[in-house]
1. Among B:Val491, B:Leu407, B:Gly473, pick out the residue whose Cα is farthest towards the positive end of the charge dipole of the range B:405-508, where Lys and Arg carry +1 and Asp and Glu carry -1 on C-beta, about the Cα centre.
2. Name the trypsin sites (Lys or Arg not before Pro) in the range B:1-91 that are in a loop by DSSP and that have at most 14 other C-beta atoms within 10 Å, would you?
3. Could I get the Rg over Rh figure for chain B? Both from C-alpha atoms, Rh via Kirkwood, rounded to two places.
4. Okay, helix-only estimate at 222 nm for chain A: each DSSP H run of n ≥ 4 adds -39500 (n - 2.57), divide by all residues, round to 500 deg cm²/dmol; what do you get?
5. Let me spell out the model: positive unit charges on the Cβ of Lys and Arg, negative unit charges on the Cβ of Asp and Glu, origin at the Cα centre of the range B:1-157. What dipole size does that give, in debye rounded to 20?
6. Using only helices, what value at 222 nm comes out for chain B when you add -39,500 (n - 2.57) per DSSP H run of length 4 or more and divide by the total residues, to the nearest 500 deg cm²/dmol?
7. Can you tell me the order of B:386-397, B:270-281, B:119-130 when each peptide is scored by its average per-residue count of other Cβ atoms within 10 angstrom, highest first?
8. Could you quote the convex hull projected area for the range B:1-132, Cα atoms only and averaged over all directions, in nm²?
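Just so you know, all these numbers are worked out from the coordinates, no wet-lab data involved. For clarity, every value in this text was computed on a predicted model and none was experimentally measured. Here the Cβ is made from the backbone with ideal geometry for all residues, glycine too, and neighbour counts use every protein chain on show.
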Amino acid sequence: MDWALAVGAMLAVVAVVFVARPFLRDPSPASDRLDELAPEARQRLALAEERDRALAALKELEFDHRTGKVSDEDYRAQVGPLRRRAAEVLRALEAGEQTRHERVPDSGQRVQ
Amino acid sequence: MAPLGRAALLLAFGLVLYALVAGSYAAWKRRRRLALSAQNALLAAFPVTLVAATVLLVGLGRRDMSFVYVWQHTSHKLPLGYALSAFWGGQEGSLLLWLLVLTGYAGLAVWLNRRSRELVAWTVPVFGLVGVFFAFMLCFVSSPFNVQPLRPDGNGMVPSLQNPYMLAHPPLLYLGYVGLTVPFAFAMGALLSGRTDERWIVATRRWTLAAWTFLGVGQLIGAHWAYVEIGWGGYYAWDPVENAALMPWLAATAFLHSVMIQEKRGMLKVWNMILVALAFNLSLFGTFLTRSGVVDSIHSFSRSPIGGWFLAFLALMIVLSVVLIRWRLPLLRTKTKLESLVSREATFLYNNLLLVALSLTILWGVLYPILSEAVRGESRSVSKPYYNFFLHTFGLPLLLLMGLGPLVAWRRASLRSLGKTFVIPFAVAVATGVVLLALGFGSSWPGLLTYTFSAFVFASIVLEFVRGRAAAGGVVRLIARNRRRYGGYIVHAAVVLLAIGVAGSSAYQTERERVLRPGQSVEAAGYTFTYAGLKGLKGSNYTGFRALLAVSGHGERFQLRPGQNNYFIEGPSNEASIYHDPRSIGDVFTKAALAGKRTSSIDLQVFVKPLVNLIWVAGFVFVAGALIAMWPDAVEQRRLAARYAAGAAPAGI
């Protein structure tokens, strides 16, 4: 079973090289720090999620109204607060964007 | 060959161990290159495990009896397809399949989400932890590569496993069981990294749906296998191992619904974490039940030493889930509250409570015999009436909710709107119930309620499509615009078909058992079964008999040939004979045992099962609906890409 051991050894060598690849490719990096979301970026992401939720809720409400699932009365009662919420979130996002650009004029914060 | 398999498994163990240890350290100390290195170890574990799997498959294909595993599960006369299917026919092979699917899924899921480094950095060690357990079992406790002096022939395969369904049923279940590791690993990664936003949900949405679909289809194929092959006249026996697959599927169903509330309303973050952990731990528990032999089941492998290991690992994962959720509670709490008890999210919540309650009552039914044996020293089994009671108690309201939910708007719905949207489905349901009652279907109240509720759900689904089509300007456009919603409705239609099929074939089934001599007859549900005599038969690895039955009734005449095969190595096996009646979408199912050799008399059992074929039709509808719901939506992908910005968009699944 020499060939089996040879194949096994070859497999091990390939695996070890692959695992070590990040160190072999970049032996002395400028920074070895793992990306991390800054608190402002987290806040912005939360707002982006909230914006998408508000816009999706508006779209859903429009569709349910058109299909007759939501009455005119219910539609009028719900559409206002939803629009206001979406506008608030969009404003907050815009304000955050502005502050960010003022602080870092030429590059955007990485959001992951 | 075997040394290569062992070497590959040892290497896979080393790789997943590295992914766990180096990955945890890298995520903790925020070391970028070490985190990438741990990620690479996880990616490399799949091809290495694939080498081990290939070695076993080659051994099985060659019927290499120097492998203990091959000797235990195959014989030289076993056809090649079944010999290869022995890969998952035994304990060691099943564990190898778990590891293979796990490393494949883990590698792909991590690779597709590699740009989300903060989350993935903590997800890798969670995958590593699960991988370490299975690789450890395969290397040091239950190896498929143990060898022995060459033997002339093997033990063969249990006759009931020699069935084409067995080529698909176990792998599909594994794809489902193991698939639930992906949402679990990302959820725990989210807790560990503090990324409790929706990123982990976006990353795992389709994985969960795929795992859930595999688990559902796997169970349905298993039910059909039991029906045609085991020959006891049914398709689901509340067998502990069948239940073991049903429980995580129910928990995953609850999660798929409740996660929509988190996406739409930002609510239920804690609950979703609990459901993901529950689904994963139930899938582990299912594997434990099957592998440990702790319960009596046609699926269980004999009692083995791996039970204790499994139980310890299960306990570790439960503790880990609870501790992490408890630790991150402040991050998971949200300000959003349920606005009304009459809203879509409220119906989802009721659906969740019922699904989890059903899952936990089934869990208790499975655990009770084990606990009673452990505590009192005597095994008390939980019988069919227990399960049927809870199936009716929780299942019927669930069925009704499937019709109510789509008709109720998000946030809140006024009674006036509800009255308007409910009128047609309600009228259809009442009319159906009254007509069925007049036709005599009141003999079974659960059956009658199932049909009535099914009519309600079906009408509400049709109504949703009709109204939506008018608003969107066409069915295709409607589905394309909201694949998840309309794919989900198609899945609901599949569940309705399943419910009708189950009610028809159980509540309204006719059953007869009679000992017959040649020339004698028995009647059942308008059919006359006349026994003409016995016919012997001989195959390459068995001898057997068939009872020749001439059947007439409902304007039809046909022949059935139930009997038994006696396999030389594996022993006897029932061979049911089934007539598919297109008129009732049902079956005439017969099985026969030899009652007197001298007189050629048989013990004949007849089951007339109306609507049973709807259960199998439901499988196709289920897959169609699930595929539509899973299909990537370019608009949504762009929206998510914009959200996660700067190249951090979730890719693919």
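1. B:Gly473
2. Sparse-neighbourhood loop trypsin sites (Lys or Arg not before Pro): none present.
3. Radius of gyration over Kirkwood radius for chain B works out to 0.99.
4. For chain A, the value works out to -27000 deg cm²/dmol.
5. Dipole of the range B:1-157, to the nearest 20 debye: 680 debye.
6. It comes out at -21000 deg cm²/dmol, rounded to the nearest 500.
7. Values: B:386-397: 16.5, B:270-281: 24.3, B:119-130: 27.7.
Result, highest mean Cβ count within 10 Å first: B:119-130, B:270-281, B:386-397.
8. Taking a quarter of the hull surface, the average projection is 7.6 nm².
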